[in-house]
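Visitor: Handing you this structure, nothing more for now.
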Amino acid sequence: MSDCLLEIRDLKQYYPVRTKEQRKTFVKALDGVSFQVKEGEVFGIVGESGCGKSTMGLTICKLIEPTSGDIIFEGRNISGYKRNAMREVRKKIQMVFQDPYASLNPRMSIHDIIAEPLIIHKLCRTTQEIDARVLQLLRQVGLDDYHAKRYPHEFSGGQRQRVGIARALAVEPKLIIADEPVSALDVSIQSQVLNLLSDLRKELNLTYLFIAHDLSVVEHISDKVGVMYLGNFVEVADKYSLYEKPLHPYTQALLSAIPVPDPEVKRERIILEGNIPSPINAPSGCKFHPRCRHCMEICKQKAPERIDVDENHFVYCHLYGADGKLKK
Ligand SMILES: Nc1ncnc2c1ncn2[C@@H]1O[C@H](COP(=O)(O)OP(=O)(O)OP(=O)(O)O)[C@@H](O)[C@H]1O
Ligand SMILES: [Mg+2]
């Protein structure tokens, strides 16, 4: 597919850990994930805490090396790239983190924070060029020129996240991996930052991998959404299919937790039983089976295969036949 910017194939990230008995084992944070993101698209990733969302972001931009699998960016398989080869790629893939306070150096002025990537990647020749570019970036994210002289502690959470976004934009990336960029912000500020990200995407033709805890945050910004559970996607679909026709019992449960503003619309609330199990000792078969209200015998024994329901919608669930229809 020519307009595919990022393709992930069977990506695994196994963290080596020791059990209480000092036995060596692995946390299977990503357990064979595959998906594609087209150029200009916003791909939302949602799932409960610990399902592997941050690991996915860090592995794709190779801040941690994948255990196995392919990361194909702009047609090149970067999964085996070493530090030097990654330098060029890193300019094109930038991350925005959840906690802007922790990710901005408190001793550096905003000017220096945004200028740093320009200097590292040698994108400006003179200090005048750097100053002009820093001001341009500040304006692009809705901050004022005088903010350049200030320090991170003088900003509100929302403004700090704007600085984090300006710093990511400095190198003119193609793909931005935003790991819960609004989770630490007040609800009223969340929508401002989401709107900014939406506007920037159109203006600069960016592609986003947008990670969030729950489906309501990614609903407006995403074109496609993937729902993760314990290191795998359980369902991936374009936004309209996913929100209107969720197929996986886990997606249905997550959606049922979002309040509907229209009092006429009644949605059954599905309560998820139990906690998310440990990724060290994941359940057999379908990993969701112990919490699934439709659990069948086969779910305990066999991991479900990917079922393509239509061109932009796939699900991993034994409830559906190979034709994508609910089994009788
Ligand atoms: N460096 C590490 N060593 C060992 N285990 C790790 C490491 N980093 C993450 N994990 C484990 O991998 C799993 C996935 O973690 P990850 O941070 O990717 O989840 P997440 O979906 O981003 O969670 P949250 O929503 O809380 O941010 C968790 O069980 C976590 O404890
Ligand atoms: Mg995380």
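A quick yes/no check of all residues on (1) over 30 Å from D145 (Cβ atoms); (2) without any contact (Cβ under 8 Å) to a residue 12 or more places away in the chain:
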| position | (1), (2) |
| --- | --- |
| G40 | yes, no |
| M56 | yes, no |
| C61 | yes, no |
| Y81 | yes, no |
| N84 | yes, yes |
| F97 | no, no |
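Visitor: So is L196 surrounded by fewer than 22 Cβ atoms within 10 Å (Cβ to Cβ), of a type in the set (A, V, I, L, M, F, W, C) and out of contact with any Lys or Arg (no Cβ under 9 Å at 6 or more places or on another chain) or not?
Guide: The answer is no for L196.
Visitor: Hey, another quick one. Please work out if D31 is in contact with a Gly (Cβ under 7 Å, 6 or more places away or on another chain) and charged (D, E, K, R).
Guide: So D31 passes the test.
Visitor: Looking only at region 21-58, count every residue that is of a type outside the set (K, R), assigned to a strand (DSSP E or B) and more than 15 Å from ligand 1 (Cβ to nearest atom) and tell me the total.
Guide: 6
Visitor: I'd like to verify a number: residues in region 59-78 that are open to solvent by less than 30 Å² (accessible area, probe 1.4 Å), modelled with pLDDT of 95 or more, away from ligand 1 (no atom under 14 Å from the Cβ) and in a loop (DSSP other than H, G, I, E, B), how many?
Guide: Result for region 59-78: 1.
Visitor: For the structure I just gave you, tell me whether R267 is farther than 25 Å from I211 by Cα and touching a residue at least 40 places away in the same chain (Cβ under 8 Å).
Guide: no
Visitor: Name the single residue that is farthest from ligand 2 (Cβ to nearest atom) among those in region 38-58 being open to solvent by less than 10 Å² (accessible area, probe 1.4 Å) and among the hydrophobic types (A, V, I, L, M, F, W, C).
Guide: Of everything passing the filter in region 38-58, V42 is farthest from ligand 2 (Cβ to nearest atom).
Visitor: Additional query: Among (1) modelled with pLDDT under 95; (2) in contact with a His (Cβ under 8 Å, 6 or more places away or on another chain); (3) over 24 Å from S54 (Cβ atoms); (4) not basic (K, R), where does P304 come up short?
Guide: (1) is the only condition that P304 fails.
Visitor: Sticking with this structure for a sec: On the given criteria, is S183 open to solvent by less than 70 Å² (accessible area, probe 1.4 Å), under 20 Å from the mean Cα position of the chain (by Cα) and without any contact (Cβ under 8 Å) to a residue 12 or more places away in the chain?
Guide: In short, no.
Visitor: Next question, about the same structure. Got at least one residue in region 10-20 being more than 8 Å from ligand 1 (Cβ to nearest atom), assigned to a loop (DSSP other than H, G, I, E, B) and crowded, with 16+ Cβ neighbours inside 10 Å?
Guide: Looking through region 10-20, none of the residues is more than 8 Å from ligand 1 (Cβ to nearest atom), assigned to a loop (DSSP other than H, G, I, E, B) and crowded, with 16+ Cβ neighbours inside 10 Å.
The values are calculated or read from the model by the stated rules, or taken from the named source; none is laboratory data. None of these values were measured; they are calculated from a predicted model. Glycine gets a Cβ as well: all are built from the backbone with ideal geometry, and neighbour counts include every protein chain shown. The protein model used for the area step is the full one, side chains on, heavy atoms only, and it has no ligands, DNA or RNA in it. Shrake-Rupley method; radii C 1.70, N 1.55, O 1.52, S 1.80 Å.
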